[in-house]
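> Right, I'll just put the structure down here and ask away after.
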Amino acid sequence: MGELTYSVIIPVYKNEENISRLLSALRDMYITLEKRLEVVFVVDGSPDRSFEILKGELKNLPMPTQLIAHSRNFGSFPAIRTGLASARGNFFGVMAADLQEPPELLVQFFKSLASDECDVAIGTRSARNDPFFSRVASSIFWGLYRKLVVKDMPEGGIMMDSIFAFTDYPIRLLMKIGAVGSLLSICLALIIAIARAFGYIEVPGYAATILAILILGALNLFGLGLVGTYAWRGYENSKQRPLSVVSQKLTN
């Protein structure tokens, strides 16, 4: 066994059907990288037999391997962080368990890093075989996300985590809607008040009801945005929980 130089981290979730192909690809990578590759599997609370299958194959793998199990599903990003914390190589890479990325590309990245061509190597997926409507919805979401939230965010990711874990934009958007609504309600209130004064509105109580709904509704949105801003700041300052909890860790 050669010197341990490269570590590949593989989050695993509902991948039992892909494990056989994955292990075959990793064996080829191990040979290509001159037997200096370590593999770190992180089973992220997968409900299928992924952990049991990998555990059974652990003794048959030629490369140094770590098999880590989360106590529940924490998400792919925490799984990657767990793998990075346990990896022992000099260069680290992340690969999907369903082989969405070509393993040959990761080999090229490792060689570029080892030859000091760069400090970080990033691959961008240019296309994928998703259904048409899924591709359209994904394009719209990430287009808006890069425009409004994180301008240099690459395509792909976990939608709800990206919205609520990294930005307070929804709260700020609520405040903007409340502020604009307040201005519009004032304008509409003036119009209704003038119409009532000149007799264009004859229904008793209509003007007062509409004015109350418009003004108080807009102020309510604006107030929720203000309260949400303080809640967000308290939430950010109080997050001291671990990103993930490891229940088992096996090595070969």
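The values are calculated or read from the model by the stated rules, or taken from the named source; none is laboratory data. The shown structure was predicted, so the numbers you read here are calculated from the model rather than taken from an experiment. Using ideal geometry, Cβ is built from the backbone for each residue, glycine included, and neighbour counts are taken over all protein chains shown. Just the protein is used for accessible areas: all its heavy atoms, side chains included, with ligands, DNA and RNA removed. Shrake-Rupley method; radii C 1.70, N 1.55, O 1.52, S 1.80 Å.
> Take Ala69 and tell me if it is touching a residue at least 40 places away in the same chain (Cβ under 8 Å) and part of a strand (DSSP E or B). Step through it out loud before you land on a result.
Numbers: touching a residue at least 40 places away in the same chain (Cβ under 8 Å): yes; part of a strand (DSSP E or B): yes.
Against the criterion (touching a residue at least 40 places away in the same chain (Cβ under 8 Å) and part of a strand (DSSP E or B)), Ala69 qualifies.
> Moving on. Might you check whether a residue that is of a type outside the set (A, V, I, L, M), more than 30 Å from Asp116 (Cα to Cα) and assigned to a loop (DSSP other than H, G, I, E, B) occurs anywhere in the stretch 20-42? Write out each step before concluding.
Here is the first cut: in the stretch 20-42, the ones of a type outside the set (A, V, I, L, M) are 20-21, 24, 27-28, 30, 32, 34-36, 38, 41.
From the residues that got through so far, the ones that are more than 30 Å from Asp116 (Cα to Cα) too are 20-21.
Then keep just the ones that are assigned to a loop (DSSP other than H, G, I, E, B); that gives none.
The answer is no; no qualifying residue exists.
> Can I ask one more? Since Ser46 meets every condition but one in (1) small (Gly, Ala, Ser); (2) free of Cβ contacts under 8 Å to residues at least 40 places away in the same chain; (3) not in a loop (DSSP other than H, G, I, E, B), which condition does it not meet?
(3)
> Shifting gears a bit: Quickly run through the stretch 41-69 and pick out the residues that are under 11 Å from Leu250 (Cβ atoms) and either among the β-branched types (Val, Ile, Thr) or open to solvent by less than 20 Å² (accessible area, probe 1.4 Å) (or both).
Phe41, Val43, Leu54, Leu58, Thr65, Gln66, Leu67, Ile68, Ala69 - these are the residues of the stretch 41-69 that are under 11 Å from Leu250 (Cβ atoms) and either among the β-branched types (Val, Ile, Thr) or open to solvent by less than 20 Å² (accessible area, probe 1.4 Å) (or both).
> Another question about this same structure. Looking at the stretch 202-219, can you tell me whether even one residue there is assigned to a helix (DSSP H, G or I), within 17 Å of Ile171 (Cα to Cα) and either open to solvent by less than 50 Å² (accessible area, probe 1.4 Å) or basic (Lys, Arg) (or both)? Don't jump to the end; show me each part of the working.
As a first pass, look at the stretch 202-219 and keep what is assigned to a helix (DSSP H, G or I): 206-219.
Now drop any that are not within 17 Å of Ile171 (Cα to Cα), which leaves 217-219.
Restricting the remaining residues to those that are either open to solvent by less than 50 Å² (accessible area, probe 1.4 Å) or basic (Lys, Arg) (or both) gives 217-218.
Among the residues of the stretch 202-219, at least one is assigned to a helix (DSSP H, G or I), within 17 Å of Ile171 (Cα to Cα) and either open to solvent by less than 50 Å² (accessible area, probe 1.4 Å) or basic (Lys, Arg) (or both), which makes the answer yes.
> If you take the residues of the stretch 2-21 that are more than 19 Å from Gly89 (Cα to Cα) and touching an Asp or Glu at 6+ places or on another chain (Cβ under 8 Å), which of them is surrounded by the most Cβ atoms within 10 Å (Cβ to Cβ)? Walk me through how you get there before you give the answer.
Of the residues in the stretch 2-21, the ones more than 19 Å from Gly89 (Cα to Cα) are 12-21.
Then drop every residue that is not touching an Asp or Glu at 6+ places or on another chain (Cβ under 8 Å), which leaves 12-16, 18-19.
Numbers: Val12: 29, Tyr13: 19, Lys14: 14, Asn15: 22, Glu16: 16, Asn18: 17, Ile19: 20.
Filtering the stretch 2-21 for residues that are more than 19 Å from Gly89 (Cα to Cα) and touching an Asp or Glu at 6+ places or on another chain (Cβ under 8 Å), the one surrounded by the most Cβ atoms within 10 Å (Cβ to Cβ) comes out as Val12.
> Does Phe51 meet the test of being farther than 26 Å from Ala114 by Cβ and modelled with pLDDT under 95? Working first, answer last.
On the way: farther than 26 Å from Ala114 by Cβ: yes; modelled with pLDDT under 95: no.
So Phe51 does not fit the description; no.
> Select, from Phe198, Phe222, the only residue that is of a type in the set (Phe, Trp, Tyr) and touching a residue at least 40 places away in the same chain (Cβ under 8 Å). Outline the logic, then answer.
On the way: Phe198 fails: touching a residue at least 40 places away in the same chain (Cβ under 8 Å).
Within the list Phe198, Phe222, the selection yields Phe222.
> Also: Kindly list the number of the only condition in (1) out of contact with any Gly (no Cβ under 8 Å at 6 or more places or on another chain); (2) open to solvent by 90 Å² or more (accessible area, probe 1.4 Å); (3) modelled with pLDDT under 80 that fails for Phe198.
All conditions pass for Phe198, except number (3).
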